[in-house]
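The values are calculated or read from the model by the stated rules, or taken from the named source; none is laboratory data. Because the structure is predicted, anything quoted here is derived from the model rather than measured. Glycine gets a Cβ as well: all are built from the backbone with ideal geometry, and neighbour counts include every protein chain shown.
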Amino acid sequence: MNRKVPKLIFIVVIIGLLFGYPTYFFILNNSEDIKHETNSWAIIKDYDGNQLAVDASNRSIWEEFRKDYEMNPGSHIFIYGMVVSYDNSWQFRFEPSTVFSFIGNIKGPSYTIIEIANNLEWHLSEWLVISIKSIRFFEHKYAGIIVLIFDMTVSIVSIIMFGLYLFSERERIYEKIKEALLVSKETPEGISFTLLSQKVDLKQKRIEHLINKKSLKEELNLQITDDRIQFKDLIYSKSICQIEEQLNNILRLSHNQLTHEHYSKLFQFKNDLNEALLYFTKDSSNVEKQNQIEKKIEVITNLLDSITLDDII
């Protein structure tokens, strides 16, 4: 399974939690067509699909209506009350103290929300009936806040879990990079960024960021160039072997066979060995390597001291 999929799922869930219900809650309480005031209200939808919030000052009316509605699903439902002016998108509502409902049939006319709104001047202060297709009940105007708090709590927990997931994912990638580097240690020339990118499936800049973030360069004693990663102990060990080989060749020469080039090389060998010695003395486990380097430095120092300018060709 692509590892990007869990990340995408986490992001979608968090966005849904953070903005889903809060957006719905905001619309529920601020939309002009379902604006309400009392603690007991319902949102009705007529057969045209239009919505209107209906307030009721007598909660027992809603309790009775809810009971009838739940016990008679699919029945013809009507809301009845006096039409009064109101500051919503329809410019009217039923006076809360006059609202009641019933299920069944009526002898007189029933209206839709838009029919009342289009002829509002004629219907104000009249008792009218709206035939509704569905209804949603709300008990308390602050009930949504409780759900909102719960939603935000779940959101925070989800964000924390997502953060932990990203952290563990980064740790997994870090360990994968470290493992690939340690495997490459068997190769004296190190590993190229191209090959490492293929092994861990990350771009070079991301690899460099993780190496620096986790101080992996210092932990593994890496030398990083634009295109390659090498281990310093291998670099210095290789350099010491090359110096030893060339030094042995110089030691076979007599003083009168030495040239300025040999003399310069000896100084360079000494400087390189001092640099290597400084590196290996950082780790107390490299005592043998340190002794080996110090002996070579001593040999070179003695040789330089024994050479005079008259000896150099």
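Just a few scattered comments:
- Scan of the stretch 66-78 for residues that are closer than 18 Å to Leu128 by Cα and assigned to a loop (DSSP other than H, G, I, E, B), ordered by number: His76
- Count of the stretch 179-188 residues, restricted to those that are within 14 Å of Ile224 (Cβ to Cβ) and not small (Gly, Ala, Ser), is 1.
Residue by residue, here is whether (1) more than 47 Å from the chain's Cα centre (by Cα); (2) buried (at least 16 other Cβ atoms within 10 Å of the Cβ); (3) assigned to a strand (DSSP E or B) holds:
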{"site": "Asp48", "(1), (2), (3)": "no, no, no"}
{"site": "Glu64", "(1), (2), (3)": "yes, no, no"}
{"site": "Tyr80", "(1), (2), (3)": "yes, yes, yes"}
{"site": "Ile106", "(1), (2), (3)": "yes, no, no"}
{"site": "Trp122", "(1), (2), (3)": "yes, no, no"}
{"site": "Arg136", "(1), (2), (3)": "no, no, yes"}
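- Inter-residue pairs, beta-carbon under 6 Å, first closer than 12 Å to Asn274 by Cα and in the stretch 284-295, second part of a helix (DSSP H, G or I), 6+ apart: Gln290/Phe280; Ile293/Leu273; Ile293/Ala276; Ile293/Leu277
- Within the option set Ser254, Ser215, being at positive phi and exposed (fewer than 12 other Cβ atoms within 10 Å of the Cβ) holds for one residue only, Ser215.
- Single match in Leu202, Leu182 (criterion: more than 30 Å from Asn105 (Cα to Cα), at pLDDT 80 or above and either acidic (Asp, Glu) or assigned to a helix (DSSP H, G or I) (or both)): Leu182
- Single residue of Ser57, Ser97, Ser101 found to be part of a strand (DSSP E or B), in the same structural domain as Val129 (by TED's automatic domain parsing) and of a type in the set (S, T, N, Q): Ser101
- Taken as a whole, the condition of being within 26 Å of Phe231 (Cα to Cα), of a type in the set (Asp, Glu) and within 60 Å of the chain's Cα centre (by Cα) applies to Glu294.
Conditions tested, residue by residue: (1) surrounded by fewer than 17 Cβ atoms within 10 Å (Cβ to Cβ); (2) touching a helix residue (DSSP H, G or I) at 6+ places or on another chain (Cβ under 7 Å); (3) closer than 21 Å to Asp48 by Cα.
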| position | (1), (2), (3) |
| --- | --- |
| Gly74 | yes, no, yes |
| Gln91 | yes, yes, yes |
| Phe102 | yes, no, yes |
| Ile116 | no, yes, yes |
| Asn119 | yes, no, yes |
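- Condition broken by Ile229, with the remaining ones in (1) surrounded by 12 or more Cβ atoms within 10 Å (Cβ to Cβ); (2) touching a helix residue (DSSP H, G or I) at 6+ places or on another chain (Cβ under 8 Å); (3) farther than 21 Å from Gly190 by Cα satisfied: (3)
- Among the residues of the stretch 66-118, just one is of a type in the set (Lys, Arg) and modelled with pLDDT of 90 or more, namely Arg93.
- Test result for Phe231, in contact (Cβ under 8 Å) with a residue 40 or more places away in the chain and in contact with a strand residue (DSSP E or B) (Cβ under 8 Å, 6 or more places away or on another chain): yes
- In the stretch 259-268 there is at least one residue matching the filter, namely being surrounded by fewer than 16 Cβ atoms within 10 Å (Cβ to Cβ), of a type in the set (Phe, Trp, Tyr) and touching a residue at least 12 places away in the same chain (Cβ under 8 Å).
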